[in-house]
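Student: Here it is: the structure, laid out below.
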């Protein structure tokens with residue numbers, strides 16, 4: 001199963017440059033890296049990245065994250081994946097731009113099916 005992280009272009013560049021990251025400012029403040037499932041990702045983008053351009057959608061395999069990944073109740077009483085260690089480039093399965101078209105982020109077709 002894949003989970004997803006949305007990064008701004010500078011955050012993605014820093015991960016690629018450094019090979020690891022503690023995440024975005026909200027991740028650092030909360031003490032873990034926030035992820036979303038395929039079904040949660042669009043709502044996460046709309047809520048936390050409304051109108052933002054130059055975003056990257058990063059896919060991470062749940063199994064590779066191991067026991068440092070915890071599923072915790074968050075928005076709407078849904079379980080969200082939280083990574084309790086630095087995210088590394090080795091965690092990244094794939095990354096691609098998350099374009100903004102008419103104010104809506106365009107996720108890859110079939111994201112739900114591809115993430116299971």
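The values are calculated or read from the model by the stated rules, or taken from the named source; none is laboratory data. Owing to the predicted nature of the structure, the values given are computational and were not obtained by experimental measurement. For neighbour counting, all protein chains shown are included, and Cβ atoms are generated from backbone atoms with ideal geometry for every residue, glycine included.
Student: Which number in (1) in a helix (DSSP H, G or I); (2) touching a strand residue (DSSP E or B) at 6+ places or on another chain (Cβ under 9 Å); (3) on the phi > 0 side of the Ramachandran plot marks the one condition that residue 51 misses?
Tutor: Every listed condition holds for residue 51 apart from (1).
Student: What about residue 17, is it out of contact with any strand residue (DSSP E or B) (no Cβ under 7 Å at 6 or more places or on another chain), at pLDDT 95 or above and surrounded by fewer than 14 Cβ atoms within 10 Å (Cβ to Cβ)? Break it down stepwise before answering.
Tutor: Numbers: out of contact with any strand residue (DSSP E or B) (no Cβ under 7 Å at 6 or more places or on another chain): yes; at pLDDT 95 or above: yes; surrounded by fewer than 14 Cβ atoms within 10 Å (Cβ to Cβ): yes.
When the stated conditions are applied, residue 17 passes them.
Student: Between a residue in segment 64-81 that is free of Cβ contacts under 8 Å to residues at least 12 places away in the same chain and any residue that is surrounded by 15 or more Cβ atoms within 10 Å (Cβ to Cβ), which pairs come within a Cβ distance under 6 Å, given they are 6 or more apart or on different chains?
Tutor: Partner pairs satisfying both residue conditions: 71/81; 72/82; 74/80.
Student: Shifting gears a bit: In this structure, is residue 45 surrounded by 13 or more Cβ atoms within 10 Å (Cβ to Cβ), out of contact with any helix residue (DSSP H, G or I) (no Cβ under 9 Å at 6 or more places or on another chain) and within 16 Å of residue 3 (Cβ to Cβ)?
Tutor: yes
Student: Something else now. Given (1) at pLDDT 95 or above; (2) over 16 Å from residue 106 (Cα atoms); (3) surrounded by 12 or more Cβ atoms within 10 Å (Cβ to Cβ), identify the lone condition not met by residue 64.
Tutor: (1)
Student: Quick check on residue 10: is it free of Cβ contacts under 8 Å to residues at least 24 places away in the same chain and surrounded by 19 or more Cβ atoms within 10 Å (Cβ to Cβ)?
Tutor: Spelling it out, it is not the case that residue 10 is free of Cβ contacts under 8 Å to residues at least 24 places away in the same chain and surrounded by 19 or more Cβ atoms within 10 Å (Cβ to Cβ).
Student: Name every residue in segment 57-96 that is more than 15 Å from residue 40 (Cα to Cα), touching a helix residue (DSSP H, G or I) at 6+ places or on another chain (Cβ under 9 Å) and not in a helix (DSSP H, G or I), in order of residue number.
Tutor: 61, 69, 83, 84, 85, 87, 88, 92, 93, 95, listed by residue number.
Student: Give me a count of the residues in segment 20-37 that are in contact with a strand residue (DSSP E or B) (Cβ under 6 Å, 6 or more places away or on another chain) and either on the phi > 0 side of the Ramachandran plot or not in a loop (DSSP other than H, G, I, E, B) (or both).
Tutor: So the count comes out to 6.
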